[in-house]
Amino acid sequence: MILLFEGDVMNINEIIRKKRDQYELSKEEISFFVSEYSNGNIPDYQMASLLMAIYLNGMSEDEIYNLTIEMAKSGEIIDLSKIEGIKVDKHSTGGIGDKVTLVVLPLVASLGVPIAKMSGRGLGYTQGTIDKLEAINGFRTNLDFNEFISNINDIGISIMGQSEKVAIADKKIYALRDATETVESIPLIASSIMSKKIAAGADKILLEVTFGSGAFMASEERAKLLGEIMVNIGNKVGKETVAVITNMNQPLGRFCGNALEVKEAIDILKGNGEEDVMTVCTWIAAHMLRLAGKGDNIANNIKLIQNQIKNREGLRKLKQLIALQGGDVNVIEYPELLDTASIKLEVPATHRGYVSSINTQEIGNAVVKLGGGRLKKDDEIDKSVGIEVCKKIGDFVEAGETIIIVHANEERKAKSVVGMIQDAYEYSDKEVERYREIVDII
Ligand code: URA
């Protein structure tokens, strides 16, 4: 197809050829394919070919920046100016058992940082904050924008579903990437995430960039590279950005699954969190406080956050959030009011030894198989099911000892994940070192 663009002839075939042959695309060429694809003037087969060329040949920093800006401009840019104070957004590149948002946002809000958070739903082995919050009876996430702003001005925090109007081009391109095996590309991931963050309107951005067997980025090096690129984009648009690089080679905390993670988040806010999830939450919260101008000393900020757990102010903020968005606040005192699965099946270790690795993605897949996650965007999910992780890397187990408890509603489904969970665990005769959850701050 041939189209006119600012007096020049711009041609999608030429753009594909240029990228295929490893040339850099200009800002105008990037703007052209983003807008023409969004408008339906470039067919999927040509866009798929371009995405594969980007996947294989990469992009320069300028190209990634221009792609980000064009995708951000493809939809609404949210105006948060009616909220006073420095708004800090938080985003995770995804993990298994990653309930950090549920814990960190109320904690940070309880110290006066306005939180205007748009979140997504889970797809495939990754889970989403919106599904977790909707595990609370009555909790509404489909707020209109005025209610969202008014909630934040009222109690300092609101969480709503991702607006359909934000970064429209990203939605279309992401769906095509999903269907063409071009998701795991650093330029495409960086521009996809940052276009949505820029459009979401916050002043500053905290990114949790995960790596390992339960994350998009397999290695620490790739996670750092992705973090650096996203931090540079954020800083370049004037939104100070920090990336916390975290290890996702095993599930975070004890539970994976929607209602189970809400229960765990409540428990963490009561001071009963497992050490790994506690560390990640306090560090991320401490950096959000710094970005919000609440103190430059991270060690002091960590103490402030620990205090908000001890004095239950974080928990109180979560309760206010639940109340204002129509949820049943009794879950705070009585988490057993959340939907609970009827079957608990213990999965025994196949070997004696130290747990040396866990294929974390397979744990996420097991949650999907139990009905707790979706394979297609519109699949219904069972909020009550999930996985309870009893043994983690470095733990010693006897053969036959329980490594995981499956929470299920159908015996057939519970039994169907036993083999995959057992296969996900590896053991060593020698002691295995426990790893650090947070490996870098960029
Ligand atoms: N999350 C996103 O929003 N986009 C990606 O490309 C990957 C993860």
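Taken together, the values in this text are just the output of simple stated rules run on the coordinates, not laboratory data. The shown structure was predicted, so the numbers you read here are calculated from the model rather than taken from an experiment. All Cβ positions, glycine included, derive from the backbone under ideal geometry; neighbour counts span all protein chains shown.
If I take the Cα coordinates of the range 6-58 and project them onto the principal axes, what are the three extents in Å, biggest first?
Cα extents, longest axis first: 28, 22, 14 Å.
Are there GluC sites (Glu not before Pro) in the range 6-69 that DSSP marks as loop and that have at most 10 other Cβ atoms within 10 Å, and which are they?
Values: sites: Glu6, Glu14, Glu24, Glu28, Glu29, Glu36, Glu61, Glu63; in loops: Glu6, Glu24.
Sparse-neighbourhood loop GluC sites (Glu not before Pro): Glu6.
How about the range 99-174: which GluC sites (Glu not before Pro) there lie in a loop by DSSP and see at most 10 other Cβ atoms within 10 Å?
Loop-located and lightly packed - Glu164.
Given a cut-off of under 8 Å on Cα pairs at least six residues apart, what relative contact order in percent is computed for the range 281-355?
16
Per-residue HN-Hα couplings for the range 151-157, Karplus 6.51 cos²θ - 1.76 cosθ + 1.60 at θ = phi - 60°, whole Hz, x for Gly and Pro?
4, 5, 5, 7, 10, x, 7
Stretched out fully, how many nm does the piece from Thr402 to Glu147 gain, at 0.36 nm a residue minus the Cα gap?
The span from Thr402 to Glu147 would gain 87.2 nm if fully extended.
What fraction of the DSSP beta bridges in the chain is antiparallel, stated in percent and rounded to the nearest 5?
Percent antiparallel among DSSP bridges in the chain is about 60.
Which value, in Å to one decimal place, does the Kirkwood hydrodynamic radius take for the range 273-382 when every pair of different Cα atoms is included?
Its Kirkwood hydrodynamic radius stands at 18.0 Å.
Helix 313-324 against the longest principal axis of the chain: what's the angle in degrees, Cα atoms only, rounded to the nearest 10?
Helix 313-324 sits at roughly 70 degrees to that axis.
For Ser26 and Val329, what is the calculated FRET efficiency with R₀ set at 45 Å and r taken between the beta-carbons, to the nearest 0.05?
0.25
Given contacts defined as C-alpha pairs under 8 Å and at least six residues apart, what's the relative contact order of the chain, whole-number percent?
The value is 18 percent.
Give me the net charge for the shell around Ser26: Cβ to Cβ below 10 angstrom, other residues only, Lys and Arg +1, Asp and Glu -1.
Charge balance in the 10 Å sphere: -3.
What are the residues whose amide H is under 5 Å from the amide H of Ile404, where those residues sit 5 or more places off or on another chain and H is modelled from the backbone?
Sorted by chain and number, the residues that satisfy this are Val347, Cys390.
Expressed as cubic angstrom per residue, what is the convex hull volume of the alpha carbon set of the chain?
Dividing the Cα hull volume of the chain by its residue count gives 140 Å³.
When only DSSP loop residues count, what trypsin sites (Lys or Arg not before Pro) in the range 312-362 have their Cβ near at most 13 other Cβ atoms within 10 Å?
Arg352
How large are Rg and Dmax for the range 88-331 when calculated on the C-alpha trace, in angstrom?
Taking only Cα atoms of the range 88-331, I get Rg and Dmax of 16.7, 49 Å.
Per the Kirkwood definition applied to all pairs of different Cα atoms, how many angstroms is the hydrodynamic radius of the range 268-325? Intermediate results must be reported in sequence, preceding the final value.
Values: mean 1/r = 0.0845 Å⁻¹.
With all distinct Cα pairs of the range 268-325 included, I get 11.8 Å.
For the range 5-58, give the magnitude of the charge dipole about the Cα centre (Cβ charges: +1 Lys/Arg, -1 Asp/Glu; no others), in debye to the nearest 20.
220
Determine the calculated [θ] at 222 nm for the chain from helices alone, applying -39500 (n - 2.57) to every DSSP H run no shorter than 4 residues and normalising by the residue count; nearest 500 deg cm²/dmol.
So the helix-based figure for the chain works out to -13500 deg cm²/dmol.
Return one number: the angle in degrees, 0 to 90 and rounded to the nearest 10, between the long axis of the Cα atoms of helix 61-73 and the longest principal axis of the Cα atoms of the chain.
80
Round to the nearest 10 and give me the degree value, 0 to 90, for the angle of helix 44-57's Cα axis relative to the longest principal axis of the chain.
Helix 44-57 and the main axis of the chain meet at about 70 degrees.
Please give the per residue volume of the convex hull enclosing the alpha carbon atoms of the range 370-410, rounded to a whole number of Å³.
Per residue, the Cα convex hull of the range 370-410 comes to 94 Å³.
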